[in-house]
Amino acid sequence: MFSTAFLDIPAMAGASGTVRLPGSKSISNRVLLLAALASGTTTVHDLLDSDDTRVMLDALRALGCGIDAAGSTLRITGIGGQLKSKAPLLPLFLGNAGTAMRPLTAALSLLGGDFELSGVPRMHERPIGDLVDALTQLGCRIDYLGNPGYPPLRIRPVDHSALVLDAPIRVRGDVSSQFLTALLLALPLAAERDIAIEVVGELISKPYIEITLNLLARFGIAVRREGWERFTIPAGSRYSSPGDIHVEADASSASYFIALGAMATGIAGQNGIRIEGVGADSIQGDIRFIDAARQMGAQVDSGPNWLEVRRGAWPLKAIDLDANHIPDAAMTLAVMALYADGPSTLRNIASWRVKETDRIDAMANELRKLGATVEAGPDFIRVHPLAPADWQAASIRTYDDHRVAMCFSLAAFNPARVPVRILEPHCVAKTFPDYFETLFSVAEAFEVPVICIDGPTASGKGTLAAEVARLLGYHYLDSGSLYRVTGLAMRRAGLGADPQHEAQIAALAAALPLYFTEGKVLLAGEDVSDEIRSEAAGMDASRVSTLPAVRAALLALQQRFRQLPGLVADGRDMGTVIFPDAALKVFLTASAAQRAERRHKQLISKGISTTLDSLRTDLEARDARDSSRSVAPLKPAQDARHLDNSQLSIEQSIDQVLNWWQEVQPFKSA
Ligand code: DC
């Protein structure tokens, strides 16, 4: 997951390959609640692991459910419709998870305990009044602790005998279908007699109600439905565990990869995107996104639990669509509309305004930043296509809304070849923590950006480069470690760093069984991180690095580190030889006295005794060798920026490099 302040996605040239998507959020949280209310143990396979499901699991654990995780399966032992103990007031924090807040409000109101439900500030702006009104009609006791109509809520115990079940419960269906879902999921708790629910107003997002009914049926509850206006939970309904249940991959998450398949041409002879975990026969309403994608020109094939998508019409065909049935996935259409042959209109999407953020405003604002003309109203958005000359490199605000972040990543496929900056990319953790990694596994950029930081030994380039990489979410290459490991392999093979062994050492270098993980260097599985950091290993590295065949053998290995979304590489010849086309090259220096002092401190702190003088002599000898060798000597690239950090703190050096990086980017402001 990217926990950086922003993520820059370079302009993309194409995409192809296979992705496996995480489980559906809607199915996951419904299944969790049903399994928790049922008696017996339910084994849930392929559950989504995300912020929203974690919030739900924490709440269920607090209610007394048994929860055991083993790999991607979870065993839940339910409470059998009854609280184990009547605990005093139980506070539950539900983050920004509407799929936890709404159904838990209904279920807890009927379970008979004393609860306080709260969430993040945005959660306290998301309406719940219609659900509370419906539950209050029934006799439940719920108080608003903040603004009337919104969480946080206090739920007080009620006796089932006090519930008014003879009249139908009326609930509004035109704000959020989650209110009806919440009642449907929870009312079996009180089904001593038939309970009828009447929907007031036109029910929106009907497919989500279908998921609810489908899953209730899996847990033994056969709701009777008359049109979309009246639902009856039969007397005597009881949640019974199906034993095992599989969670389909998330159809809304699939929309980004369906769009990708429709937009991107293949790479490396492959064609199209294959999506595993969800097929066209999915129970999730958002799967109907494939119809809209087809209308726009995508070629979609499907089988049990898979989809394959290719580019068909190009440019895409503009659409005018009532998107009420696919509210979440339709956001993806708004970005696809940039690539269409005319303006596209998405209608009947008022519910966008009460989601994680006001999604109509958010989409309109951010699409405009890309250069698009957008019209928006209370319940529609119209997006005009973007001509190649009008595309702008934009910093996209994501409003703590995972879907804004995910759908705008698609704007990296643009004819102007400009990158897209996604602010606060970690918000995707709500439903798809590895979204960007998954995207990068199938996408190919025109050019993966590289920042080179070269300089003499002990100039602090390792610390600087690793930190810059971390802040940008880029990969990191410590090229010196490759020479150090080669030196170690040479020693272990009983060879010396002289020209007569050059070919043998180069052969060792070409086949190093190296693996980098969590800041450690593994050689054939053995952690050699400490061993290669010794002064002697540095000297060996410096010696093997003078051998041209060794340098040639390590070239391809170093270049393979250049992967999306970008790379920060440190060494001696990153800017001159390995990545001559790098967008930013820094040559980092510090006085020999300073460097000797830093190294001295480092070694002393590790308990290694040494003197400043001997360190300085070694350092200067190494600099002299590294700078005078015939191949790839240590020297600044012509276009390198010089940074003398003798008088700078690490933070100041990092800021300088990030400022330079910002200067060479097309973004107007961060
Ligand atoms: O950066 P370092 O101290 O870990 O590097 C050890 C030696 O490896 C260095 O003295 C010279 C060599 N080296 C090189 O020749 N080219 C690089 N890109 C990195 C290191």
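The values are calculated or read from the model by the stated rules, or taken from the named source; none is laboratory data. Please read these numbers as outputs of a predicted model, since none were measured by experiment. No Cβ is skipped: glycine too gets one built from the backbone with ideal geometry, and neighbour counts run over all protein chains shown. Note: accessible area is taken over every heavy atom of the protein model, side chains too, but ligands, DNA and RNA are not part of it. Shrake-Rupley method; radii C 1.70, N 1.55, O 1.52, S 1.80 Å.
Summary of values
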| read-out | value |
| --- | --- |
| Given (1) without any contact (Cβ under 8 Å) to a residue 24 or more places away in the chain; (2) more than 24 Å from residue 220 (Cβ to Cβ); (3) in contact with a helix residue (DSSP H, G or I) (Cβ under 9 Å, 6 or more places away or on another chain), index of the condition residue 123 fails | (1) |
| Residue selected from segment 137-165 under the condition of a type in the set (D, E, K, R) and over 17 Å from residue 189 (Cβ atoms), by the criterion surrounded by the most Cβ atoms within 10 Å (Cβ to Cβ) | 154 |
| Strands (runs of 3 or more DSSP E) wholly inside segment 151-216 containing at least 2 residues that are out of contact with any helix residue (DSSP H, G or I) (no Cβ under 8 Å at 6 or more places or on another chain) | 153-156, 195-200 |
| Scan of segment 551-569 for residues that are in contact with a Phe, Trp or Tyr (Cβ under 9 Å, 6 or more places away or on another chain), touching a residue at least 40 places away in the same chain (Cβ under 8 Å), more than 10 Å from the ligand (Cβ to nearest atom) and not in a strand (DSSP E or B), ordered by number | 561, 562, 563, 564, 565, 566 |
| Residue in segment 380-396 that is open to solvent by 10 Å² or more (accessible area, probe 1.4 Å), assigned to a strand (DSSP E or B) and charged (D, E, K, R) present | yes |
| Residues within segment 462-477 that are crowded, with 22+ Cβ neighbours inside 10 Å and not in a helix (DSSP H, G or I), tallied | 2 |
| Given (1) assigned to a helix (DSSP H, G or I); (2) within 30 Å of residue 446 (Cβ to Cβ); (3) open to solvent by 10 Å² or more (accessible area, probe 1.4 Å); (4) not basic (Lys, Arg), index of the condition residue 292 fails | (3) |
| Within segment 627-642, considering residues that are in contact with a Phe, Trp or Tyr (Cβ under 7 Å, 6 or more places away or on another chain) and over 24 Å from residue 547 (Cα atoms), the one nearest to the ligand (Cβ to nearest atom) | 640 |
| Any hit, segment 517-532, residues being part of a helix (DSSP H, G or I), hydroxyl-bearing (Ser, Thr, Tyr) and either near the ligand (Cβ under 9 Å from one of its atoms) or open to solvent by less than 40 Å² (accessible area, probe 1.4 Å) (or both) | no |
| Residue in segment 36-58 that is nearest to residue 189 (Cα to Cα), counting only those that are among the polar types (S, T, N, Q) and open to solvent by 30 Å² or more (accessible area, probe 1.4 Å) | 39 |
| Filter result for the condition that a residue is modelled with pLDDT under 90 and within 13 Å of the ligand (Cβ to nearest atom), over 572, 599, 543, 595 | 599 |
| Odd one out for residue 548 among (1) within 12 Å of the ligand (Cβ to nearest atom); (2) surrounded by 22 or more Cβ atoms within 10 Å (Cβ to Cβ) | (2) |
